[in-house]
Structure formats: structure tokens, C-alpha cells
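See below for the structure under consideration.
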Amino acid sequence: MNKKEEILDKIRGRVIVSCQGDPLTNPIGTPENLTLMAKCAVLGGCAGFRANMPYNIEAIKREYPEIPMIGIWKIMTEGCDVYITPTMQAVDKLVELGCEIIAMDGTDRLNADGNKAYTLIAEAKKKYPDVLIMADIADLNDAKLSAEAGADICSTTLSGYTSYTKDKTGICDFELVRQIKEADLGIFIITEGKIWTREDALKAYECGTDSIVIGTAITNPISITKRFVQAVSNK
């Protein structure tokens, strides 16, 4: 078993926790706090992390060097919807930090350079053949294009967040998980996005996912509080 297969085995059938937060909108979103968040996730039994920005990843990796990290670097460009690890320079930095998995936009949208987002996957695979590359996708077409480009993993992260999946809001896109599984693309499947309950987590596995990433439902106290407040307000 090679190193990439060992990493996939570590996260298969398990829970990955997304330790993210913007300190401008969420008081918990500092490297120190996100590392504490990661510690709580480890104590709870998580199999890996997803984190954004080099300084946050570095802080968590320093504390937990052996736990698989899905690294991303969100870089916003005015007039462009592609922002998840959109450049090779971002990929280079995440590899340098020791991320076992590099996640990037795998959609059929144009990046800031005028190229389709998923084409960066092939470039990253060529440069870093021993690193797992994950495509954040929104629909089955994205998954197919990313698989053809060489992605090792695809994640349903962007379902509901693109112009062509605006109708997929509010709930986890279980149907997309089924579609990817049935398409038999030879790619590891991660379900991410709008997993709010234990029932959601189990359903993702019933639909054929290999692993799941949970973020807001575990790590965002503001959103968790709002859900309870809204429920009480609407009683």
C-alpha cells in the first residue's frame, strides 16, 4: 500500500472536521482558536481536518503533524467566482506546509486567468504526483471533468454555490453523491456541505460516499445558536 492509499484508508468511513473561521465575522477564527477547535475534534474522534489559509494550516499541522489535512487557500479575485486554491502558487504553499490532501476548485467555470478551474488539477498532479488532489465540485459534470483531469478525490463542497446549482440550497446534496457513485469514476468521494445532523451523516454513507467533512454544524457557534434561536422564534 502506497502513501496515498494509506491516507485514504485513514479517512475512509470516518468524519473529517472543517476547522475554519474568518476572524472578521467569527471571533473564534484565529489560528490559536482554530487549533483548539482541532484539538476538540481530535478528542471527539475525527480522522482529519480541512483548513483554510497557510497560517491556520501551519498552526494546526504543528500541533497534529500526523493527522491528514485537507488544505485550501481561498483567494478572492474581483469578478471571478473561482477562489478555492485557484493558482499553482497556492498549491505550492499548501504542499510546502505538508498538507496530505490539496483541495481546489474543480468546476467547469473560468478562473481569473481565463482557464477552466478544473484544468489546474492536471497541472498539480503533474507537479506533485505523490500528493492527493481533491476537486471541490458542484455537479456530476464537474466530477467527470475533475476525474478526467486526474483528481484523486471529489467533494460535493460547491453544490448550491454555483450559478448552475442554485436550486441545491438548504440541504446536503445526497443525490449528487448517488450520481457520482453510480457513474463509477474511479474516484474517492467526500460529502461536504450542509451536513447538520447525525442522520445526514449516515445518509451520506448510505448514498455511497467514502468519507464526510462536517464544518458549521460542529465548529461555528454563531450558526449553531442562530438555528436554535430561529426554531424557537418560529414555534
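Each value in this text was obtained by applying a stated rule to the coordinates, not by laboratory testing. Given the structure is predicted, the values throughout are model-derived calculations rather than measurements. Here the Cβ is made from the backbone with ideal geometry for all residues, glycine too, and neighbour counts use every protein chain on show.
Let me confirm something: among 16, 28, 11, 7, which residue is in contact with a Phe, Trp or Tyr (Cβ under 7 Å, 6 or more places away or on another chain), among the aliphatic types (A, V, I, L, M) and touching a residue at least 12 places away in the same chain (Cβ under 8 Å)?
Checking each option against the conditions leaves just 16.
Can you tell me which of 211, 163, 146 is among the polar types (S, T, N, Q) and under 20 Å from residue 124 (Cα atoms)?
From the options 211, 163, 146, the qualifying one is 146.
What number of residues within the stretch 147-163 are out of contact with any helix residue (DSSP H, G or I) (no Cβ under 6 Å at 6 or more places or on another chain), farther than 24 Å from residue 6 by Cβ and surrounded by 15 or more Cβ atoms within 10 Å (Cβ to Cβ)?
4
Just the residues that are buried (at least 17 other Cβ atoms within 10 Å of the Cβ), of a type outside the set (Lys, Arg) and part of a helix (DSSP H, G or I), please, taken from the stretch 83-94.
Scanning the stretch 83-94 gives 90, 91, 94.
Count, please, the residues in the stretch 35-52 that happen to be of a type in the set (A, V, I, L, M), closer than 17 Å to residue 70 by Cα and out of contact with any strand residue (DSSP E or B) (no Cβ under 7 Å at 6 or more places or on another chain).
Adding up the residues that qualify gives 2.
Filter the strands (runs of 3 or more DSSP E) completely within the stretch 127-233 down to those with at least 3 residues that are under 29 Å from residue 36 (Cβ atoms) and touching a strand residue (DSSP E or B) at 6+ places or on another chain (Cβ under 6 Å).
Filter on the stretch 127-233 gives 132-136, 188-192, 211-214.
Please find, within the stretch 70-81, the residue that is farthest from residue 131 (Cα to Cα) out of those that are crowded, with 24+ Cβ neighbours inside 10 Å and hydrophobic (A, V, I, L, M, F, W, C).
For the stretch 70-81, the residue satisfying everything is 73.
Please give the number of the condition residue 49 fails out of (1) part of a helix (DSSP H, G or I); (2) touching a helix residue (DSSP H, G or I) at 6+ places or on another chain (Cβ under 6 Å); (3) within 24 Å of residue 161 (Cβ to Cβ).
Failed condition: (1).
Hey, does the stretch 40-55 have a residue that's more than 13 Å from the chain's Cα centre (by Cα) and more than 23 Å from residue 191 (Cα to Cα)?
There is at least one residue in the stretch 40-55 that is more than 13 Å from the chain's Cα centre (by Cα) and more than 23 Å from residue 191 (Cα to Cα).
From the list 126, 144, 168, 116, which one is charged (D, E, K, R) and either within 23 Å of residue 51 (Cβ to Cβ) or crowded, with 21+ Cβ neighbours inside 10 Å (or both)?
168
Would you please name the residue that is surrounded by the fewest Cβ atoms within 10 Å (Cβ to Cβ), looking only at residues in the stretch 10-62 that are over 16 Å from residue 215 (Cβ atoms) and either touching a His at 6+ places or on another chain (Cβ under 9 Å) or of a type in the set (Asp, Glu) (or both)?
Among them, the one singled out is 32.
Only one of 28, 16 is among the aliphatic types (A, V, I, L, M) and in a loop (DSSP other than H, G, I, E, B). Can you tell me which?
28
Among the residues of the stretch 63-116, count how many are in contact with a Pro (Cβ under 7 Å, 6 or more places away or on another chain), more than 20 Å from residue 37 (Cα to Cα) and acidic (Asp, Glu).
Qualifying residue count, the stretch 63-116: 1.
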